[in-house]
Amino acid sequence: MTNAARALELSVEGMTCASCVSHVERALAKVDGVESVSVNLATERAHLSVAPQVAIETLIQKVEQAGYSAHLAQPTETADSTEKREQERILLAANFKLSLFATLPVFVLEMGAHLIPAFHHWLMANLGIWNWVIQAILTTLVMFGPGRFFYQKGLPALARLAPDMNSLVALGSLAAWGYSLVATFTPQLLPVGTVNVYYEAAVVIVTLILLGRLLEANARGRTSDAIAQLVKLQPHTATRLVNEQLETIDIAQINTGDLLLVRPGERVPLDGEITDGSSFIDESMMTGEPIPVSKSVGQEIIGGTLNTNGSLTYKVTKTGKDTLLARIIELVETAQGAKLPIQALVDQITRWFVPAVMLVALLTFIVWLSLGPEPALSFALVNAVAVLIIACPCAMGLATPTSIMVGTGRAATMGLLFRRGSALQSLAEVKTIAFDKTGTLTEGKPRLTDFEIAPGFDKNALLILAATAEQHSEHPIAQALLAAANTAQLTLATLESFEAIPGYGLRAQVSGQIVYVGADRLFTKLGVDLEIFSVTAKQLASEGKTPIYLALDNKIAAVMALADSIKPGTPAALKSLHQLGFKIAMITGDNQRTANVIAKKLGIDLVIAEVLPEQKVNALKNLRAEHGTIAYVGDGINDAPALAEADLGLAIGTGTDIAIESADLILVSGDLQGVPKSIALARATMRNIKQNLFWAFAYNVALIPLAAGIAWPAFGVLLSPMLAAGAMALSSVFVVSNALRLRRWQDKSGVFND
């Protein structure tokens, strides 16, 4: 997307198959200023990148000219679309029942006469020609009553030379119905021996495809359950505390800074910070972690989470679209609307699929009419109708997006947020994973463990200088030094100036003295001799500690050691990744010896240490050149470029916003077990997609020739249009049902296999 381009999302109605998607995409792509367009059948959304001058009305008009309706998608549309889909399902159910009620008599009258000779004789004796007349009336009622949708959509599409699945159904059923009407009312127009009726084929085609649509609607309604459940998490009202008085208020009227009361068993309305009380909060729907988390004064709580026991008063810090819940819903919707690279091939095939099927049906009719046994016209008609009906672009169109919807929805319930759906395919293809160390593999809260001073210096005086110099820094080293000074009950001096030197350390002026605090590379750069502490530093590094030096006025004064605890879930997560066949790398700015000690403890394969923030990108490029597609896991501001550079960036959800915005996948809970879980789920989703695509294509490759009559010469077998309609309806249901299996996906045996 260029700098001038803007992103738009249209909600498109009336699409039923992959051909519809192709028609809408081509219509929108022809508009001047449209840079890219991607239409998703499962979510019924069109995602566009357009130039500023492109009018939304123009885009909507183009969609309408293609035979569909559209409007600008709204952020609040999730609940409305769910309700709308339910209304459509109810209408489909009513139409199917009406259709079935009228179809059964037609089926009994025609097929009963074929199967039971006595019944045939009874019909001829009592009804005669009225048998066919009754069938004609009932079939016509079904086709132009409950089944009118196929003709309202399919025939105009055919007239625009943009046929879709509805066109195939319309042509097939109209051919059978029209031929039967001629046989019933003007039989003299047909050759001798060809006066037969196929009302049951026409009416059963419509009824079975309505049934398929109904089953598909039932199944597809469950693919967006994850978003529906997330929407339900946020309460509609909250209890606000004003001048020590409680009032119940609509959540839309709450502002940042308001004080809210949350009682036991209630959901937290919006994000905020606790000001009074303590409790255990169930955050499972956000993070995937089932155990409630202890929360007390000063800690943050998330809107939508459940307060399990104590009462809490908290100050609202985020409202509306800024809350974590709103961001999660937005991320899930965006991911669900994405197209995977694998979809490109499918789109190319489905673009020509319906015209190809119509050509095959025409060739089938000609071949049977020319070479088939008598009555050749009847055989030609039946087989051509079967070809039209058996073809199913629906299954092709739904194969990928339904799996993405269910897979990303399942991930969201586990605290794994895909910022883009295509990350599923990228994640499934990754072979090497690189980790940041501090705050990712470790807690990111180092503590001061050693403080060795040079002769002539006072330990407490140096600690005061170091802590004073670091007091305005948010770096973990600063927090460790300040904590140590606080523990020793030391009073900080006066900080006169401060300058951070990214990747090296800092320079400060404290009480008239120039203080340098940083890694050995800072002092090498300054030309300060560290020889006095060389043995001590090596010993500290060999123990897995990070040596940090302190100099006063360019004279080395002390070496300090910081130790950072490895996160509890890190060893198990890395073990799972090794079992899944991954090569693991660690990229850190830490001392090489310290990094090697930690890498040995965790079984890390590759160590890249003493790397400045801007060098992490080059380190990733080198890893990619040597090991192929690479993922990077990080949490800090200095990880943002690396997260963006990697083929796939995974951000720790407890990290900084800028890191999260640069990532493709967010681990909400910060638990590294989410890395192998997300990979295993991505692999399961890709397997599911491939199963769906195999079924969709194999179904058509196998059954279209059978419908055309390829088995007749050798086996005398033909595929009835009724069976073709049933198979076609079930193929879409199979694809959606297979995708729904991902809703029950569970990690198993520590290796997280499907």
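Each label point is 7 Å from the Cα along the Cα-to-Cβ direction; what then is the distance between the points at Ile342 and Ile116, in nm?
Taking the two extended label points, one gets 4.9 nm.
Can you give me the angle between helix 199-223 and the longest principal axis of the chain, using Cα atoms only, in degrees from 0 to 90, rounded to the nearest 10?
10 degrees
Multiplying the sequence separation of Ser565 and Ser737 by 0.36 nm and subtracting their Cα-Cα distance, what value in nm do you get?
Details: separation 172, 0.36 × 172 = 61.92 nm, distance 4.54 nm.
Stretched out fully, the Ser565 to Ser737 stretch lengthens by 57.4 nm.
What FRET efficiency comes out for Glu496 versus Asp458 if R0 is 22 angstrom and r is the Cβ-Cβ distance? Round to the nearest 0.05. Could you put the intermediate results ahead of the total?
Working: r = 20 Å, r/R0 = 0.93.
The computed FRET efficiency comes out at 0.60.
Multiplying the sequence separation of Thr317 and Trp130 by 0.36 nm and subtracting their Cα-Cα distance, what value in nm do you get?
Details: separation 187, 0.36 × 187 = 67.32 nm, distance 7.61 nm.
Extra length from Thr317 to Trp130 when fully extended: 59.7 nm.
Tell me the angle of helix 376-390 to the major Cα principal axis of the chain, expressed in degrees between 0 and 90 and rounded to the nearest ten.
Result, in degrees: 20.
Once every DSSP H run of n ≥ 4 in the chain is given -39500 (n - 2.57) and the sum is divided by its residues, what mean residue ellipticity at 222 nm do you get, rounded to the nearest 500 deg cm²/dmol?
-16500 deg cm²/dmol
Whole-Hz ³J(HN,Hα) for each residue in the stretch 258-269, computed from phi via Karplus 6.51 cos²θ - 1.76 cosθ + 1.60 with θ = phi - 60°, x for glycine and proline: what do you get?
5, 9, 10, 9, 10, 8, x, x, 8, 8, 5, x
Please give the helix 148-159 orientation as an angle from the longest Cα principal axis of the chain, in degrees from 0 to 90, rounded to the nearest 10.
Around 90 degrees separate the two axes.
In whole Hz, with x marking every Gly and Pro, tabulate ³J(HN,Hα) for the stretch 408-416 from phi via Karplus 6.51 cos²θ - 1.76 cosθ + 1.60, θ = phi - 60°.
5, x, 5, 4, 4, 5, 9, x, 10
Taking a quarter of the surface of the convex hull around the Cα atoms of the chain, what do you get in nm²? Walk me through the numbers on the way to the answer.
Details: hull surface 167.6 nm².
Computed as one quarter of the Cα hull surface, the answer is 41.9 nm².
Pairs of alpha-carbon atoms within less than 8 angstrom and 6+ residues apart define the contacts here; what relative contact order does the chain have, in percent? Can you show the working numbers first?
Details: 1491 pairs, mean separation 99.2, N = 754.
After rounding, I find 13 percent.
If I take all pairs of Cα atoms in the stretch 503-591, what percentage of them are more than 15 Å from each other? Don't jump to the answer; show the numbers that get you there.
Values: 2591 of 3916 pairs.
Summing the P(r) tail past 15 Å for the stretch 503-591 gives 66 percent.
Please compute, for the alpha-carbon atoms of the stretch 553-692, the extent along each of the three principal axes and give them in descending order in Å.
On the principal axes, the stretch 553-692 reaches 69, 31, 28 Å in Cα extent.
Extension gain Asp276-Lys600, at 0.36 nm per residue separation less the Cα-Cα distance, in nm?
Values: separation 324, 0.36 × 324 = 116.64 nm, distance 4.46 nm.
Answer, rounded to one decimal: 112.2 nm.
Compute the signed sum of charges (Lys and Arg +1, Asp and Glu -1) over the other residues within less than 12 Å, Cβ to Cβ, of Thr323. Each step should come with its number before you reach the end.
Numbers: positive: Lys318, Lys321, Arg327; negative: Asp271, Glu300, Asp322, Glu330.
Residues close to Thr323 contribute a combined charge of -1.
How are the C-alpha pair distances of the stretch 257-331 spread across 5 Å bins, as whole percents from the shortest bin up?
Result returned by the calculation: 4, 18, 30, 26, 16, 5, 0.
Every number here is computed from the coordinates shown, using simple stated rules; none is lab data. In this text the structure is predicted, and so the values were computed from the model without any measurement. No Cβ is skipped: glycine too gets one built from the backbone with ideal geometry, and neighbour counts run over all protein chains shown.
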